[in-house]
Amino acid sequence: MNVEKVDLSASSYRLDFYLWFKFDPSKISLEEIKEFEFVNGFPTRYEIKADAEHGYLEYRVRGDFIKTFDFSQYPFETHMLTIEIEHKNLNVSNLIFKVDPSSNIDEKANIAGWEIGGFKATVTEHSYGGEAYSRLVFGLLLKRPMLSSLVKSILPVVIITTISLLTFFISPQNFSQRIGLGVTTLMSATAFHLALLSGIPPIGYLTLADRIMLSIYAIFLYNLSVSVYIMKLVDNKKIEEAQRFNKKALKMLATLIIILIIILTLT
């Protein structure tokens, strides 16, 4: 098996692999064996070898497969790419698949942006009404490289947030600069958030990236709220009180960050 492409936005992946069947010709015919189908795709298959006498049929298969991916841990998620095969007509009373122990993935297989976490093949049963069919499932586990995901998906927004927090070291009298820096970095963080989610399809639940960004937005809200209150104190000529409040707010910031990290860990 070789993986040619993984398209997360389309929930599809393109595979190129060899598929073979070994069977007892006294119990089932070659033509019956050929009546199988791919449950989760419509790839092109090329017959390589068909030996009815010795019970062997081999194909080379290449094409796109579809699966609903789970993005709840994006951008640190793992995905299982599956190939699901059933017979069109024969139920479990007449045909049961068995896995060939020699089935495996090409050792030289390399997928850009992913690490191969393992390969497995299993046999399950799938019912249609009151009739059950044997289903052969090949699965290839993909996971994102941790360091690469951190650098590309987390580090930029951490830098943007750190820059925004420099407002606490700007004099309270320069409140316009404080607010300007906070708003500018907030817009940058929002643009990064949208760009980060552009690589996955629209989904109806929060990803890990969303939860991280919500925590980031909470920090921005805290930062801007502090700046606005300091601006109010400066307008009322309460400079010393504004400076004391700024120092107190900076200390409270550490507590806020710890609370947000705990919430992220628990969700």
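The values are calculated or read from the model by the stated rules, or taken from the named source; none is laboratory data. Treat the numbers as computed from the prediction; the structure is a model and nothing was measured. Cβ placement follows ideal geometry from the backbone for every residue including glycine, while neighbour counts extend to all protein chains displayed.
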ask   = Is it the case that some residue within the stretch 20-27 is crowded, with 17+ Cβ neighbours inside 10 Å and either touching a Pro at 6+ places or on another chain (Cβ under 8 Å) or among the hydrophobic types (A, V, I, L, M, F, W, C) (or both)?
value = yes
query = If a residue has to be more than 14 Å from Glu86 (Cβ to Cβ) and touching a strand residue (DSSP E or B) at 6+ places or on another chain (Cβ under 8 Å) to count, how many in the stretch 114-139 make the cut?
reply = 9
key: Filtered residue count, the stretch 169-200, keeping only those that are more than 13 Å from Phe220 (Cβ to Cβ), in contact (Cβ under 8 Å) with a residue 12 or more places away in the chain, under 36 Å from the mean Cα position of the chain (by Cα) and assigned to a helix (DSSP H, G or I)   = 2
request  = Report yes if some residue within the stretch 39-62 is touching a His at 6+ places or on another chain (Cβ under 9 Å), assigned by TED's automatic domain parsing to the domain that holds Ile116 and modelled with pLDDT of 95 or more; otherwise report no.
outcome  = yes
key: Flag if Asp100 is outside the structural domain of Pro202 (by TED's automatic domain parsing), in a loop (DSSP other than H, G, I, E, B) and either in contact with a Cys (Cβ under 9 Å, 6 or more places away or on another chain) or farther than 22 Å from Thr207 by Cβ (or both)   = yes
key: Candidate set: the stretch 184-205, residues that are of a type in the set (A, V, I, L, M, F, W, C) and surrounded by 14 or more Cβ atoms within 10 Å (Cβ to Cβ); chosen: the one nearest to Ile230 (Cα to Cα)   = Leu186
message = Restricting to the stretch 20-36, count the residues that are touching a residue at least 24 places away in the same chain (Cβ under 8 Å) and either more than 35 Å from the chain's Cα centre (by Cα) or closer than 17 Å to Leu90 by Cβ (or both).
response = 11
inquiry  = Would you confirm whether or not the stretch 245-267 contains a residue that is modelled with pLDDT of 95 or more, surrounded by fewer than 16 Cβ atoms within 10 Å (Cβ to Cβ) and under 25 Å from Ser9 (Cα atoms)?
reply    = no
ask   = Name the residues in the stretch 44-72 that are farther than 18 Å from Pro25 by Cα, in a loop (DSSP other than H, G, I, E, B) and charged (D, E, K, R), would you?
value = Lys67, Asp70
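Return the residue satisfying two criteria in turn: it lies in the stretch 221-267 and is basic (Lys, Arg) and part of a helix (DSSP H, G or I), and of such residues it is nearest to Gln173 (Cα to Cα). Let's see the steps before the verdict.
Going residue by residue through the stretch 221-267, those that are basic (Lys, Arg) are 232, 237-238, 244, 247-248, 251.
Adding the requirement that they be part of a helix (DSSP H, G or I) leaves 232, 244, 247-248, 251.
Working: Lys232: 11, Arg244: 13, Lys247: 14, Lys248: 17, Lys251: 20 Å.
Checked the stretch 221-267; the qualifying residue nearest to Gln173 (Cα to Cα) is Lys232.
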key: Index of the failed condition, Lys152 passing every other in (1) more than 30 Å from Pro101 (Cβ to Cβ); (2) basic (Lys, Arg); (3) surrounded by 15 or more Cβ atoms within 10 Å (Cβ to Cβ)   = (3)
note = For the stretch 40-55 the number of residues that are buried (at least 16 other Cβ atoms within 10 Å of the Cβ) and farther than 20 Å from Glu4 by Cα is 1
query = Hey, among the residues in the stretch 69-105 that are over 30 Å from Leu155 (Cβ atoms) and polar (S, T, N, Q), which one's surrounded by the fewest Cβ atoms within 10 Å (Cβ to Cβ)?
reply = Ser102
request  = Being outside any helix (DSSP H, G or I) and aliphatic (A, V, I, L, M) is the filter; apply it to the stretch 201-220 and report the residue that is nearest to Phe168 (Cα to Cα).
outcome  = Leu206
